[in-house]
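One structure is given below, encoded as structure tokens.
Since every read-out is calculated from the coordinates, none of them should be taken as a lab result. All of these numbers come straight from a predicted model, not from anything done at the bench.
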Amino acid sequence: MSDGPPAHRLRRRLIRIAATVVASGLAVSGCMTGERPRLVEGAATTGDPAIDAVLAELDDVASATFTATYDIVNRFGPVERRATVVQASPTRRSITIGDVRFIVDGKETASCQLGGAAGRCTEVISAEMVSDVQVTPDFYAASTATRLRRDATRLAGPTEASTVVIAGRDATCAAVPVEGGTVTYCALDSGVVARLDGADVSIELIEYRDTPEERYFRRRR
């Protein structure tokens with residue numbers, strides 16, 4: 001583990017954070033009449049360099065194509081699930097958690113039960129189908145970013161930045177002390193979560209490929 005990301009990586013993240021701040025300012029000031037403007041959820045930085053470096057990655061996930069495989073543990077169960085996330089474009093992705101598969105393909109969505117009566121699907125995203133593992137279908141970026149922003153408002157001490165290797169890739173990390181312990185957040189350059197290690201849940205990236213695997217868009221195994 002190093003004390004921080006290499007200089008060129010850090011410069012790139014600072015530029016990305018600065019761009020987000022500018023965009024947020026435009027969102028607030030761009031309209032002086034009519035409906036009061038509001039920031040897009042997830043656009044704001046926190047002012048903490050370690051946290052904002054991870055958020056800069058997580059907020060950029062829509063531009064990536066990948067296949068990412070995870071081990072997820074709900075520590076209160078305990079419940080363990082293998083999960084695979086595939087993103088082929090900003091509007092085409094598949095999230096498989098255990099025997100449940102969520103598919104977003106343009107305007108079409110589906111939640112499919114792969115085990116038992118395989119192929120049973122509803123045409124909406126039904127997050128309650130994975131409630132036992134205590135994650136949402138967007139655990140790999142958006143919901144983790146929301147959690148990290150929430151933790152940034154209740155810091156119990158200074159954060160610690162680091163760069164570690166997870167699943168063979170460099171990951172930007174922030175150790176975030178909150179009441180009850182420290183939560184570790186890590187993300188790859190592509191924007192996907194590489195690690196979330198908290199008292200309640202563990203999400204660990206175990207394999208990552210830059211190409212999307214088409215078979216994960218099937219509505220049955």
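Can you work out the Karplus-derived ³J(HN,Hα) for every residue in region 77-92? Use 6.51 cos²θ - 1.76 cosθ + 1.60 with θ = phi - 60°, whole Hz, and x for glycine or proline.
Working through the residues one at a time gives x, x, 10, 10, 9, 8, 10, 10, 10, 10, 10, 9, 6, x, 10, 9 Hz.
Once a ≥ b ≥ c are taken as the square roots of the eigenvalues of the Cα gyration tensor of region 67-151, is the result rounded (a/c under 1.5), prolate (a/b larger than b/c) or oblate (a/b not larger than b/c)?
Judged from the Cα gyration tensor, region 67-151 comes out oblate (a/c at least 1.5, b/c at or above a/b).
In percent, what relative contact order does region 96-221 have, based on Cα pairs under 8 Å that are 6 or more apart in sequence?
18
5 Å is the cut-off here: which amide hydrogens, built 1.01 Å from N in the peptide plane, fall below it relative to Val178, excluding neighbours closer than 5 in sequence?
Ala156, Val183
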